[in-house]
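Written out below as structure tokens is the structure these notes cover.
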Amino acid sequence: MFFQQFPDSSYLRAFVSVRPFTTEEVSQVSQLIEGFLVGWQAHGRVIPSAWALHESQVLLIAADTTQVPMKGCSGDSLFGLVEQIEDVLSVAIPRTPPVVYRGSGGLVCAERMAFGSLIREGAVGADTLVMDLTHSTVGALRQHGLEMPASQCWHGKAWAALAT
């Protein structure tokens, strides 16, 4: 389980790379994120934070906002980190996460319209495992998990065809 050191109300943000990071890239990502987090501040106070990388592709960043409340600028600075990762690794990390589902070769990213086409074609269905990247707190991640059948996630609500 992720972020055991933080209370349920802690801030959570998920980002996904359109492709998995290589072993070398994971090392680079680690250095960039660690360098960012040690200096991540809100109103002059360091934000207690941590990160996790799921399957070398899904980046989760958590912050204990019970100790240091985050304001807009501190949250926005995460996007600067993401841009830095994109620049260094020449990889896209969309600001609006794509649909991420488990394919035969691992995690697959698809734009929402493309995922809808996959549903209509029968290539994915209610039992297809998807990543729920909408959790905004550590508690929501703990309660619902990161990966679940599409029918149990927002994907099933967005595309009623999954529920049948």
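Scan the stretch 1-59 residue by residue and report those that are of a type in the set (A, V, I, L, M) and over 15 Å from the mean Cα position of the chain (by Cα). Selection gives Val26, Leu32, Leu37, Val38, Ala42, Val46, Ile47. Of everything in the stretch 46-76 that is among the acidic types (Asp, Glu) and part of a loop (DSSP other than H, G, I, E, B), the residue that is nearest to Leu32 (Cα to Cα) is Glu55. Only a single item in (1) surrounded by fewer than 17 Cβ atoms within 10 Å (Cβ to Cβ); (2) out of contact with any Gly (no Cβ under 8 Å at 6 or more places or on another chain); (3) in the same structural domain as Gly35 (by TED's automatic domain parsing); (4) modelled with pLDDT of 90 or more is not met by Gly72, and it is number (4). In this structure, does Ala50 turn out to be among the small types (Gly, Ala, Ser) and in the same structural domain as Thr23 (by TED's automatic domain parsing)? Taking the combined requirement at face value, the residue satisfies it.
Taken together, Val138, Val130 contain a single residue that is among the hydrophobic types (A, V, I, L, M, F, W, C), in contact with a helix residue (DSSP H, G or I) (Cβ under 7 Å, 6 or more places away or on another chain) and either outside the structural domain of Arg19 (by TED's automatic domain parsing) or modelled with pLDDT of 90 or more (or both), which is Val130.
Considering every residue within the stretch 120-130, establish whether at least one is in a loop (DSSP other than H, G, I, E, B), without any contact (Cβ under 8 Å) to a residue 40 or more places away in the chain and within 18 Å of Phe15 (Cα to Cα). The answer is no, given that none of the residues of the stretch 120-130 is in a loop (DSSP other than H, G, I, E, B), without any contact (Cβ under 8 Å) to a residue 40 or more places away in the chain and within 18 Å of Phe15 (Cα to Cα).
Annotation note: of Phe79, Phe15, the sole residue that is in a strand (DSSP E or B) and closer than 18 Å to Thr96 by Cα is Phe15.
Yes or no, residue by residue, for (1) touching a residue at least 12 places away in the same chain (Cβ under 8 Å); (2) surrounded by 15 or more Cβ atoms within 10 Å (Cβ to Cβ):
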{"residue": "Gln41", "(1), (2)": "yes, no"}
{"residue": "Leu60", "(1), (2)": "yes, yes"}
{"residue": "Ser77", "(1), (2)": "yes, yes"}
{"residue": "Glu83", "(1), (2)": "no, no"}
{"residue": "Leu89", "(1), (2)": "yes, yes"}
{"residue": "Thr96", "(1), (2)": "no, no"}
{"residue": "Val100", "(1), (2)": "yes, yes"}
{"residue": "Met113", "(1), (2)": "no, no"}
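The values are calculated or read from the model by the stated rules, or taken from the named source; none is laboratory data. Treat the numbers as computed from the prediction; the structure is a model and nothing was measured. Note: ideal-geometry Cβ built from the backbone for every residue, glycine included; neighbour counts use all protein chains shown.
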